[in-house]
Structure formats: C-alpha cells, structure tokens
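Report on the following structure.
The values are calculated or read from the model by the stated rules, or taken from the named source; none is laboratory data. Quick caveat, the model's predicted, so the values are computed rather than measured. With ideal geometry, Cβ positions are generated from the backbone for all residues, glycine too; neighbour counts draw on all protein chains shown. Accessible surface areas use protein heavy atoms only, side chains included; no ligands, DNA or RNA. Shrake-Rupley method; radii C 1.70, N 1.55, O 1.52, S 1.80 Å.
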Amino acid sequence: MAEPKVRDGTVSERGITFFVALALFAQESTWNFYDNQVPALLREHVSSAAVVGLLMGSDNLVGMFVQPWIGNRSDNTRTRWGRRMPYIAVGMPLAALIFLLLPWATSLAALVAVMFLYALVANSTRPLAESLVPDFIAPERRSRATAAVKIATSLTIIVASLISLLVVDEHPKGAFVIPAVIMLVATAVLVAKVRDSRSPGYQAAVAEARADGAGRKTRQVFGELARDPDRRRLLLLLTVLLFGGAWFASRSLITPYGMQALGLTRGEAGGLTLPSGVAYLLACYPAALAAERFGRLRTMAAGMVVFVVALAAGTVVQTATGTVVVFCVAAAGAAAFTINAIVALWNLAPSSQVVGTYTGLYAVTWYLGGFGGPALIGAVVDLTGWAGMLLDIAVLAALAIAVIARLQHLERRTEAIPSEQEIM
C-alpha cells in the first residue's frame with residue numbers, strides 16, 4: 001500500500017484505509033494471541049475443557065452488548081477530534097495495558113476479572129476503527145477498503161502464531177508485551193494522523209443533527225429498524241446471521257470432522273483449513289472489485305452459491321486432499337460475502353448519524369451466527385453422523401441464499417425510487 005497522504009489534517013481515502021487497517025491489525029493481534037495463549041493460562045487453574053471454552057467464549061457475549069452501545073455513543077459524540085478518535089485514543093492503550101496483566105494473574109478469580117476487563121475495553125474499540133471507513137470513504141469504494149482491512153486482520157493469525165512459536169516457551173509473560181506494543185504504536189500513529197471531525201460522514205451527521213435535532217439512542221435505532229416498512233435491512237441481517245452460522249460451523253467443527261469422517265489424526269485434521277486461509281486472502285480484493293462491477297448483492301449471492309456447491313461436493317469426495325480443495329473454494333466464495341456484507345449494511349443505514357450503531361449491529365448478528373451455527377450443526381451431526389456434516393452446513397448456507405434472493409427482489413423494486421438508498 002502506498003504511503004498515506006495527509007494534507008492540512010485531511011486524510012485521503014487510501015490513507016484512511018491504511019490507518020484503519022493498521023488499527024484493526026493491532027487490535028486483532030492482541031485478540032488472536034489472546035485466543036492462542038489464554039486457554040493455557042486457564043488450564044493452570046481449571047481442568048475442565050468445558051469451563052475453559054465457556055470462559056473463552058465470554059468475550060463474544062460481552063461484545064454483543066458493548067459494540068452496539070459504543071457504536072451508538074460514538075455516533076452522538078461531537079469533539080474537535082471527531083466522534084470515533086477520542087474513544088480510540090483512550091480505549092486502545094487501556095486495552096493494551098490490561099492485556100499485559102493477563103499472565104500476571106495468580107488466581108482464577110483474578111484471571112477471569114482481567115479477562116472481563118480486557119473484553120469490555122477491547123470490544124469498545126472494535127467497531128469504532130471500522131466505522132471510520134464509511135465516515136471517510138464514499139459508498140461505491142467501501143468494498144476495496146474493507147478488503148484491505150480484512151487482509152490486514154487475517155495476517156494477525158500468522159503474527160500471533162509466530163509469537164507463540166518463537167517467544168512463548170522462553171518468555172511466557174514477556175510474549176504478551178509484543179502485541180501490546182503493536183497496539184500502542186498503532187494508537188500513536190492514529191492519534192497523530194487522524195481527525196475524523198474532518199470526515200464527510202462526521203460533517204453530514206452534524207448537518208443532519210442541526211436539521212433534525214438530537215441523535216438517536218440505541219433503542220431508538222433498533223425500534224426504527226423493526227418498524228420500518230422497508231425490510232431490506234432486516235433481511236440483510238438475517239442473511240448475515242444464517243451465513244455467519246454456516247461459516248463458523250465450517251471452521252470450528254472441521255477438526256472433529258477430519259478425525260471422525262476422514263480418519264485423520266488430530267494434528268492432520270487441524271491443518272485442513274490452513275490452505276483455505278490463503279485462498280481467502282487471495283480472494284478478498286477480487287471480491288471487492290467484482291462488487292463494484294456487478295453489484296454487492298449479486299457478488300455476495302454468487303459467493304454464497306460457490307460456498308454451498310463446494311461443501312456439497314465435499315460430501316461426495318471425502319478425502320483429505322479433496323476436503324482441502326473444497327475448503328479453499330468455499331473460503332474464496334465466503335470472501336465475496338464477508339467483504340461486502342457490512343458495506344451493504346452501511347449503505348442501507350438511514351443516516352450518517354447511525355453508522356457506528358449499524359457497525360455494532362452487524363457485529364452482534366455475526367456473533368450470534370457464530371454462536372448458534374456450530375451448535376445447530378453439531379446437534380444435527382449428533383443425529384445423523386459426521387459423514388454428512390459438510391452437506392448440513394451447505395443446507396444452512398442455502399437458507400441464507402434464499403433470504404438474499406428475497407432481498408434482491410426488494411432491491412429491484414426500489415431501484416426506480418430516487419429517494420431510496422441502493423446497495424447494488
């Protein structure tokens with residue numbers, strides 16, 4: 001990526017893409033290292049895998065409540081720094097400092113308390129950096145920015161793995177310093193370079209607030225969403241819920257699938273999805289370009305179809321090599337959805353005043369899918385066996401395709417109305 005340009009405090013679209021990618025790279029570096037190493041810290045105090053899993057999943061539960069709230073609070077904030085940056089400037093360093101305390105917790109109660117504080121603060125910064133994309137970047141170019149951000153965050157998996165591999169055994173406490181320092185450096189760069197008070201989104205929100213009065217609270221945004229006769233936003237969120245469930249099920253259940261259905265060892269089964277991670281990264285930017293040329297809904301639907309067909313084929317070709325190929329194709333299809341879904345929701349937001357709230361709402365829906373999808377597919381597997389798991393996931397994703405087909409129908413009906421926002 002070229003060097004970001006900042007003139008008179010105004011950040012270019014390429015520049016803001018770089019800064020958002022940097023912020024989320026830093027945030028996800030700590031999150032991925034957290035996922036890698038905190039279970040080992042918990043195992044020093046509890047032996048139950050179920051308890052460890054429950055405690056590790058609690059951050060998603062915290063995020064479901066915190067992210068829409070902080071997104072809405074930032075929507076209604078007005079400072080000379082803007083509405084996102086004040087929270088980022090305070091929240092990211094605080095999260096980094098709390099993160100450093102994790103390996104020093106000497107009891108289970110202390111560790112759980114630090115985990116909760118970290119989840120609370122870190123979840124408060126997650127949607128804010130991402131919301132800078134619609135604040136600064138025009139709707140037609142948001143997919144490219146989101147693709148760059150997704151690539152940056154995906155690379156943090158490699159960073160966390162390298163820190164675990166090269167540092168943890170020799171310096172189990174000191175290893176936590178590396179992600180924290182990345183977070184602090186990224187914060188310093190953002191504070192020095194970004195003032196979202198100069199963004200088009202912030203200026204539009206200020207103008208709308210002057211015309212319409214006070215901003216909207218979270219419950220007002222949810223109420224308006226539920227009562228709105230235009231059902232496109234709800235249909236899009238339902239699509240995110242269903243496809244998110246299918247995506248998370250395909251990732252979280254692949255190891256037992258490989259062991260039970262393919263006869264692989266635990267290590268071999270755990271490595272089945274590694275090549276698909278590369279395929280996902282390679283597909284991100286083409287997915288953004290396809291959305292600009294063919295429309296976001298069409299690109300999302302096409303990617304979902306690829307995902308479904310690939311997994312259905314995996315049910316027929318049940319070999320380790322075949323499964324790797326299937327997951328590479330499915331991941332490329334999933335990229336077309338994940339890159340464009342949040343952009344579509346931003347573009348459907350009724351006002352610049354609620355973009356942050358909609359970012360949080362997207363995150364909640366995605367997390368719900370991540371919670372419910374693996375549980376649902378796991379229940380079906382208990383009834384029918386592991387051999388049909390990929391087909392079970394394909395059926396869940398097919399339901400998402402049916403919903404987005406209905407959304408496309410509604411979109412076509414509104415295309416001729418000039419006052420309606422379009423996402424195609």
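Give the residue that is modelled with the lowest pLDDT, with candidates limited to residues of region 186-234 that are open to solvent by 70 Å² or more (accessible area, probe 1.4 Å) and in a loop (DSSP other than H, G, I, E, B).
ALA214
Scan region 260-280 residue by residue and report those that are crowded, with 17+ Cβ neighbours inside 10 Å and either among the β-branched types (Val, Ile, Thr) or in contact with a Lys or Arg (Cβ under 6 Å, 6 or more places away or on another chain) (or both).
Within region 260-280, just THR273 meets the criteria.
Report, by residue number, each residue of region 170-197 that is charged (D, E, K, R), touching a helix residue (DSSP H, G or I) at 6+ places or on another chain (Cβ under 9 Å) and farther than 17 Å from LEU102 by Cβ.
If the condition is that a residue be charged (D, E, K, R), touching a helix residue (DSSP H, G or I) at 6+ places or on another chain (Cβ under 9 Å) and farther than 17 Å from LEU102 by Cβ, then LYS193, ARG195, ASP196 are the ones that fit.
This table checks each residue for (1) touching a strand residue (DSSP E or B) at 6+ places or on another chain (Cβ under 9 Å); (2) open to solvent by less than 60 Å² (accessible area, probe 1.4 Å); (3) in contact (Cβ under 8 Å) with a residue 60 or more places away in the chain.
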position	(1), (2), (3)
ILE88	no, yes, yes
LEU102	no, yes, yes
LEU117	no, no, no
ARG142	no, yes, yes
ALA148	no, yes, yes
SER154	no, yes, yes
VAL168	no, yes, yes
GLY174	no, yes, no
LEU184	no, no, yes
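Return the residue satisfying two criteria in turn: it lies in region 104-115 and is part of a helix (DSSP H, G or I) and free of Cβ contacts under 8 Å to residues at least 60 places away in the same chain, and of such residues it is most open to solvent (accessible area, probe 1.4 Å).
The selected residue is ALA109.
Could you tell me whether any residue of region 324-332 is within 30 Å of PRO139 (Cβ to Cβ) and either open to solvent by less than 30 Å² (accessible area, probe 1.4 Å) or among the polar types (S, T, N, Q) (or both)?
yes
Counting just the residues of region 281-314 that are open to solvent by 30 Å² or more (accessible area, probe 1.4 Å) and either among the aromatic types (Phe, Trp, Tyr) or not in a helix (DSSP H, G or I) (or both), which one comes out farthest from THR156 (Cα to Cα)?
Applying the filter and picking the extreme gives PHE294.
Show the residue pairs meeting these rules: Cβ distance below 7 Å; 6+ apart or different chains; first residue within region 404-424 and open to solvent by 80 Å² or more (accessible area, probe 1.4 Å); second residue at pLDDT 85 or above.
Cβ pairs passing all conditions: ARG406/LEU235.
Looking at (1) farther than 18 Å from SER12 by Cβ; (2) open to solvent by 40 Å² or more (accessible area, probe 1.4 Å), which one does ALA160 not meet, given that it meets all the others?
All conditions pass for ALA160, except number (2).
Let me spell it out: the conditions are (1) assigned to a helix (DSSP H, G or I); (2) in contact (Cβ under 8 Å) with a residue 60 or more places away in the chain; (3) over 26 Å from ALA145 (Cβ atoms), and VAL52 meets all of them except one. Which number is the exception?
(2)
Could you give me the residue pairs with C-beta distances under 9 Å whose first residue belongs to region 225-244 and is farther than 16 Å from ALA405 by Cα, whose second residue is surrounded by fewer than 24 Cβ atoms within 10 Å (Cβ to Cβ) and of a type in the set (Lys, Arg) wherever it lies, and which are 6+ apart or on separate chains?
LEU225/ARG233
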